[in-house]
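**Q** Could you have a look at this structure, given as structure tokens, before my questions?
The values are calculated or read from the model by the stated rules, or taken from the named source; none is laboratory data. Quick caveat: nothing in here was measured; it's all calculated off a predicted structure. No Cβ is skipped: glycine too gets one built from the backbone with ideal geometry, and neighbour counts run over all protein chains shown.
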Amino acid sequence: MLASTWHLLVGRPLRSGEAAKEQITPVEGLSALSLDALTSVAYGPEAIIVVLAVAGAGALHVVLPITIAIVLLLAVLVFSYRQVIDAYPGGGGAYAVSRANLGVRASLIAGASLIVDYTLTVAVSIAAGVGALTSAFPALSPATVPICLGILAVVTLLNLRGLGEAARAFLLPTMIFIVGLLAIIAIGLIHPLALHASQPGRSLLTTHGVEAVSVLLVLKAFSAGCSALTGVEAIANGVPLFKEPKVVRAKRTELLLGLILGTMLLGLAVLASRWHIGPRSGQTALSQIMADAVGRHWAYYLVSLTVTLVLALAANTSFGGLPVLASLLSRDDYLPHLFALRGDRQVFSNGVWALAVLSGALLIAVGGDTNSLIPLFAIGVFTGFTLAQSGLVVHWWKNRPAKWRQRAAINGLGATMTAIATVVFLFSKFLEGAWVVVVAVPAFVLLFVRIHSYYRRAASDLGIGSAQEKPEARQSLVIVPVTAVSRLTVHAISEGLSLSREVVAVTVVLDDGGEGEARAQLLEQDWATWDPGVPLQVLHTDYASIVAPIVSFIDELRAHDDRQIVVLIPVVIPDRVRYRLLHNQIDLVLSAALRTRPDVVVARVRSPLGELASEPGVTEHVPVGATGATDVLTRPGG
């Protein structure tokens with residue numbers, strides 16, 4: 001029932017040949033891998049305005065020049081990551097570039113930075129979307145965290161079904177958002193409909209600035225506005241997710257993203273500068289621009305609701321990028337190998353689960369508050385930007401193809417600009433929470449190093465890659481714990497004899513002079529009458545533990561016997577899950593006690609009750625209440 005319900009939620013398992021169904025086209029790539037970057041127009045331009053507002057209304061004239069610089073950097077990044085797609089079609093983005101050109105340490109920093117950024121992207125996107133929702137409906141504010149976790153669960157489930165499913169599910173709101181916002185910008189540029197309408201809220205802009213428009217202020221505004229560029233790298237990280245030809249489709253998606261995002265940023269900056277948009281209480285800069293352009297009518301509310309929706313869905317960008325990155329780190333022995341395994345739907349499901357757990361914990365820790373997350377945002381991805389650009393400079397210098405100097409110069413300029421943005425953002429936001437990223441990235445790098453060290457040691461101990469001697473067969477001695485003669489005992493002994501001719505049944509007796517000894521005598525009589533051809537060894541103990549005598553018996557055998565010891569534990573499987581608690585779970589306790597023993601093989605003989613009832617039984621006396629060999633209904637003394 002559980003398996004059927006799960007398959008209903010995530011879909012039936014796919015064959016490897018059906019994996020192409022979940023691969024995406026360039027247009028679907030916009031909704032699957034680009035929503036983070038596209039929705040950044042909701043907070044990127046405002047970040048510039050908020051920083052400049054410190055210097056007063058007179059400082060807002062530099063919004064447009066700063067945005068132009070950011071769009072130029074966007075062009076460099078798009079150009080750069082299209083080259084990354086060409087050179088490293090296996091995905092991984094900054095990690096792959098750094099590993100090939102800057103060395104292992106740089107690649108681990110890039111990988112750690114991207115993991116931090118992807119986790120923050122999920123948390124920030126969902127928190128921002130829910131924040132917009134609770135602003136419109138204040139009654140929902142107490143349920144902020146549950147709503148955040150609910151959206152996270154939906155996005156996670158869709159990605160477990162496959163990235164193609166998620167991309168198609170998010171395609172309609174993505175298209176409405178893109179077309180609607182571009183239409184609003186066009187109307188604002190050509191003929192605004194409500195330019196002189198009053199805006200709600202009060203202006204937070206001071207008439208007289210408290211700070212001069214200095215180079216440092218401009219740099220702070222530039223670095224804050226660069227948050228609009230987060231997500232540009234996700235396409236290069238997720239090249240394997242595209243349909244064939246993967247490289248061509250991924251490059252088209254990167255170009256589409258650059259053109260759409262650049263147009264939006266420039267259009268919003270022109271309107272913000274022309275209309276002197278400043279910070280207002282309860283109103284975002286984007287909301288003010290939209291209201292001035294088309295008025296607070298159906299178009300405004302439609303695009304506003306779509307912005308809220310796609311902000312929450314922008315988390316999907318990380319679900320497309322991090323599982324692929326984790327699989328590459330796993331392949332290189334820097335993360336557990338389970339991250340390289342695909343699930344039933346041909347996706348890296350363990351990476352999806354890991355991202356969901358990390359981002360969910362972060363949302364709970366900050367109470368779904370966007371302002372608590374923003375200071376941490378963008379540092380990780382800009383570190384990746386800088387390493388990717390620097391790695392490409394080295395790549396061109398080593399390979400020296402045609403026009404390599406021009407390409408290296410462009411990437412060098414991009415690396416310099418992103419490095420400046422990273423440093424300024426880090427220092428300006430350090431005490432506000434950016435220190436968390438400074439701690440988290442080295443912590444991940446240390447984790448990678450420790451995991452890699454373990455895998456190297458394990459490979460050495462296992463002799464992987466070296467010549468091995470021929471395998472030798474060993475005789476086995478099978479030990480079967482029993483408590484009664486029953487159908488389960490017959491089944492367990494039969495399974496033991498199929499493994500080896502040497503089988504010993506053991507039972508534990510408490511030397512209390514009472515019921516325990518009487519039950520042991522009755523079992524010995526039943527065993528002699530049944531005569532299965534297997535000896536019964538009675539283990540006496542003064543203690544209540546059943547496990548300790550069996551372990552001691554194994555130790556005694558091991559002292560003078562070099563045969564392979566196999567402990568075969570019979571287990572009853574009830575026809576209802578709720579009945580499992582009615583059994584004494586001795587198999588769990590005994591397995592746990594022997595789990596660390598390298599000289600013992602532990603196995604279970606699982607027997608459903610329905611199947612046992614249909615098998616020929618024994619006619620001899622069976623103690624009342626006994627249901628199997630080691631599995632007796634839970635009762636005093638059972």
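**Q** Asp526 is checked against (1) buried (at least 16 other Cβ atoms within 10 Å of the Cβ); (2) assigned to a loop (DSSP other than H, G, I, E, B) and fails just one. What number does that condition carry?
**A** (2)
**Q** I'd like the residue in segment 181-207 that is closer than 18 Å to Ser281 by Cα and buried (at least 16 other Cβ atoms within 10 Å of the Cβ) and, out of all such residues, is modelled with the highest pLDDT. So that I can check it myself, show each step before the final result.
**A** Start the filter on segment 181-207 by keeping residues that are closer than 18 Å to Ser281 by Cα, which leaves 197-207.
Right, trim to buried (at least 16 other Cβ atoms within 10 Å of the Cβ) and you get 199, 205.
Values: Gln199: 69, Leu205: 65.
If we take residues in segment 181-207 being closer than 18 Å to Ser281 by Cα and buried (at least 16 other Cβ atoms within 10 Å of the Cβ), then Gln199 is modelled with the highest pLDDT.
**Q** Which one of these does Ala167 not meet: (1) within 30 Å of Ile289 (Cβ to Cβ); (2) of a type outside the set (Val, Ile, Thr); (3) in contact with an Asp or Glu (Cβ under 6 Å, 6 or more places away or on another chain); (4) surrounded by fewer than 24 Cβ atoms within 10 Å (Cβ to Cβ)?
**A** All conditions pass for Ala167, except number (4).
**Q** Out of curiosity, is Ala544 outside any helix (DSSP H, G or I) and within 50 Å of the chain's Cα centre (by Cα)?
**A** Here the answer is yes, as Ala544 does meet what is asked.
**Q** Keeping to segment 529-557, report how many residues are of a type in the set (Phe, Trp, Tyr) and surrounded by 12 or more Cβ atoms within 10 Å (Cβ to Cβ).
**A** 2
**Q** Further question on the same structure: Hey, Tyr454 hits all of (1) in contact with a helix residue (DSSP H, G or I) (Cβ under 6 Å, 6 or more places away or on another chain); (2) hydroxyl-bearing (Ser, Thr, Tyr); (3) over 18 Å from Phe385 (Cα atoms) but one; which does it fall short on?
**A** All conditions pass for Tyr454, except number (1).
**Q** Between a first residue in segment 532-544 that is at pLDDT 90 or above and a second residue that is in a loop (DSSP other than H, G, I, E, B) and not polar (S, T, N, Q), which pairs have beta carbons less than 8 Å apart while being 6 or more apart in sequence or on different chains?
**A** Taking only residues 6 or more apart or on different chains, the pairs are Leu536/Val482.
**Q** Something else now. Can you tell me how many residues in segment 395-423 are in contact (Cβ under 8 Å) with a residue 24 or more places away in the chain and either more than 32 Å from the chain's Cα centre (by Cα) or buried (at least 18 other Cβ atoms within 10 Å of the Cβ) (or both)?
**A** Residues in segment 395-423 being in contact (Cβ under 8 Å) with a residue 24 or more places away in the chain and either more than 32 Å from the chain's Cα centre (by Cα) or buried (at least 18 other Cβ atoms within 10 Å of the Cβ) (or both): 12 in total.
**Q** I want to confirm something. Restricting to segment 488-523 and keeping residues that are farther than 22 Å from Val571 by Cβ and exposed (fewer than 14 other Cβ atoms within 10 Å of the Cβ), which single residue is modelled with the highest pLDDT?
**A** By that ranking, first place goes to Arg501.
**Q** Which of the numbered conditions does Gly90 fail, given that it passes all the others? Conditions: (1) small (Gly, Ala, Ser); (2) in contact with a Lys or Arg (Cβ under 9 Å, 6 or more places away or on another chain); (3) surrounded by fewer than 24 Cβ atoms within 10 Å (Cβ to Cβ).
**A** Single failed check for Gly90: (2).
**Q** A further question on this structure: In this structure, does Val366 turn out to be crowded, with 17+ Cβ neighbours inside 10 Å, in contact with a Ser or Thr (Cβ under 9 Å, 6 or more places away or on another chain) and either on the phi > 0 side of the Ramachandran plot or not charged (D, E, K, R) (or both)?
**A** yes
**Q** Moving on. If Val54 passes every condition in (1) touching a Ser or Thr at 6+ places or on another chain (Cβ under 6 Å); (2) at pLDDT below 85 but one, which one does it miss?
**A** (1)
**Q** Which residue is surrounded by the most Cβ atoms within 10 Å (Cβ to Cβ), if the candidates are limited to segment 57-83 and must be among the hydrophobic types (A, V, I, L, M, F, W, C) and modelled with pLDDT under 85?
**A** Filtering first and then ranking leaves Ala59.
**Q** Now a separate question. Could you check, for segment 121-132, whether at least one of its residues is hydroxyl-bearing (Ser, Thr, Tyr), surrounded by fewer than 24 Cβ atoms within 10 Å (Cβ to Cβ) and either farther than 30 Å from Leu152 by Cα or touching a residue at least 60 places away in the same chain (Cβ under 8 Å) (or both)?
**A** no
**Q** Given Leu431, Leu426, Leu446, which one is at pLDDT below 85 and within 27 Å of the chain's Cα centre (by Cα)?
**A** So the residue among Leu431, Leu426, Leu446 that is at pLDDT below 85 and within 27 Å of the chain's Cα centre (by Cα) is Leu426.
Here is a yes/no grid of residues against (1) under 30 Å from Arg331 (Cα atoms); (2) among the aliphatic types (A, V, I, L, M):
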| position | (1), (2) |
| --- | --- |
| Thr416 | no, no |
| Leu426 | no, yes |
| Val441 | yes, yes |
| Tyr454 | yes, no |
| Val482 | no, yes |
| Val485 | no, yes |
| Val506 | no, yes |
